[in-house]
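Here's the structure, in structure tokens; my notes come after.
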Amino acid sequence: MNEPLPVAVLVSGRGSNLAALLSAIDRGTCHARIVAVLSDRGAAPALELARSRGIATEVVSAKSFADRSAWDEALTERIASFDPQLLVLAGFMRLIGSALLARYAGRIINVHPALLPAFPGLDAPAQAVNARVSISGCTVHVVDAGVDTGPVLAQAAVPVLANDDADSLHARIQRSEHALLPAVVDAIARGRIVLESPPRHVALAGVAAEPLVWPPLL
Ligand code: GRF
């Protein structure tokens with residue numbers, strides 16, 4: 001087996017997806033190595049988690065730069081210094097810039113808390129609750145210049161319950177993210193997903209046992 005895939009993770013917040021990646025790596029179900037965790041927010045709890053695991057961290061705050069393009073260049077340079085093969089946006093709340101996108105074209109993935117192309121952008125769980133849909137979920141996709149528009153790599157569905165609010169739905173969606181994101185990173189590391197343009201699924205691990213139908217009418 002080849003070496004674990006060197007991955008840089010970009011975060012702005014809590015870091016539960018980072019924790020899920022680290023657990024899967026520990027369990028041997030995600031053939032990756034997290035070489036650095038970078039954030040635009042010094043207060044992101046995800047940074048503490050990374051430090052507690054001895055992972056290199058960097059804060060590249062937009063406020064410290066004259067404009068967006070200077071921030072983008074600095075972030076790109078800091079990421080490149082760790083020589084990752086894949087960038088994972090795991091709750092990174094800023095649009096990435098053109099320098100980063102160009103340097104890692106097709107090798108940046110994002111996890112989004114909705115079944116794209118439904119509910120892109122901010123507050124996706126609230127959008128789903130307000131739209132009164134019955135099923136939502138999460139998407140792992142390749143990042144392009146748009147907002148949550150890049151090619152979909154994998155999705156997982158969860159039910160939206162009648163008494164859900166945005167928080168309860170987001171909590172359920174996050175449980176699906178914590179399984180799906182490490183699985184996608186592992187598939188990339190093992191060459192089952194090839195990040196060319198468009199991305200290719202080389203060998204599917206299996207077929208979903210059943211389609212999720214909610215409410216259970218069938
Ligand atoms: C996740 O729900 C992800 O889909 C969205 O931001 C959230 C990050 O959560 N992009 P966490 O910081 O990984 O807990």
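Quick note: the coordinates plus some simple rules give every number you see, no bench work behind them. Here the structure is a predicted model, which means the values were calculated and not measured. Reconstructed Cβ throughout: ideal geometry from the backbone, glycine too, with neighbour counts over all protein chains shown.
Of all residues in region 97-118, exactly one satisfies the criterion of being more than 19 Å from residue 6 (Cβ to Cβ), in a loop (DSSP other than H, G, I, E, B), away from the ligand (no atom under 11 Å from the Cβ) and in contact (Cβ under 8 Å) with a residue 40 or more places away in the chain, namely 115.
Looking only at region 1-45, which residues are among the β-branched types (Val, Ile, Thr) and either within 15 Å of the ligand (Cβ to nearest atom) or outside any loop (DSSP other than H, G, I, E, B) (or both)? Explain how you work it out, then say what you get.
Taking region 1-45 first, the residues among the β-branched types (Val, Ile, Thr) are 7, 9, 11, 25, 29, 34-35, 37.
Within region 1-45, 7, 9, 11, 25, 34, 35, 37 meet the criteria.
Within region 83-96, the residues that satisfy the criterion of being over 18 Å from residue 32 (Cα atoms) and either buried (at least 17 other Cβ atoms within 10 Å of the Cβ) or more than 10 Å from the ligand (Cβ to nearest atom) (or both) are 91, 92, 94, 95, 96.
Here is a yes/no grid of residues against (1) more than 16 Å from residue 90 (Cβ to Cβ); (2) more than 11 Å from the ligand (Cβ to nearest atom):
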| residue | (1), (2) |
| --- | --- |
| 123 | yes, no |
| 131 | yes, yes |
| 137 | yes, no |
| 142 | no, yes |
| 155 | yes, yes |
| 162 | yes, yes |
| 168 | yes, yes |
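Got a number for residues in region 49-58 being over 16 Å from residue 20 (Cβ atoms) and within 13 Å of the ligand (Cβ to nearest atom)? Can you show your working first?
Here is the first cut: in region 49-58, the residues over 16 Å from residue 20 (Cβ atoms) are 51, 54, 56-58.
Keeping just the survivors that are within 13 Å of the ligand (Cβ to nearest atom) gives none.
Count: 0.
The set of residues in region 5-25 being surrounded by fewer than 21 Cβ atoms within 10 Å (Cβ to Cβ) and within 11 Å of residue 87 (Cα to Cα) consists of 5, 6.
Counting only residues that are assigned to a helix (DSSP H, G or I) and over 13 Å from residue 38 (Cα atoms), how many does region 53-70 have? Even if it seems obvious, please write down each step before you answer.
We begin by selecting, within region 53-70, every residue assigned to a helix (DSSP H, G or I); these are 62-64, 68-70.
From what is left, the residues that are over 13 Å from residue 38 (Cα atoms) are 63-64, 68-70.
Going through region 53-70 one residue at a time, the tally reaches 5.
In the set (1) exposed (fewer than 15 other Cβ atoms within 10 Å of the Cβ); (2) closer than 17 Å to residue 12 by Cβ, residue 60 fails one condition alone, (1).
Among the residues that make up region 95-102, is at least one of them among the hydrophobic types (A, V, I, L, M, F, W, C) and under 15 Å from the mean Cα position of the chain (by Cα)?
Looking only at region 95-102, we keep the residues that are among the hydrophobic types (A, V, I, L, M, F, W, C), and these are 95-96, 99-102.
Narrowing further to those that are under 15 Å from the mean Cα position of the chain (by Cα): 95-96.
Checked region 95-102: at least one residue is among the hydrophobic types (A, V, I, L, M, F, W, C) and under 15 Å from the mean Cα position of the chain (by Cα).
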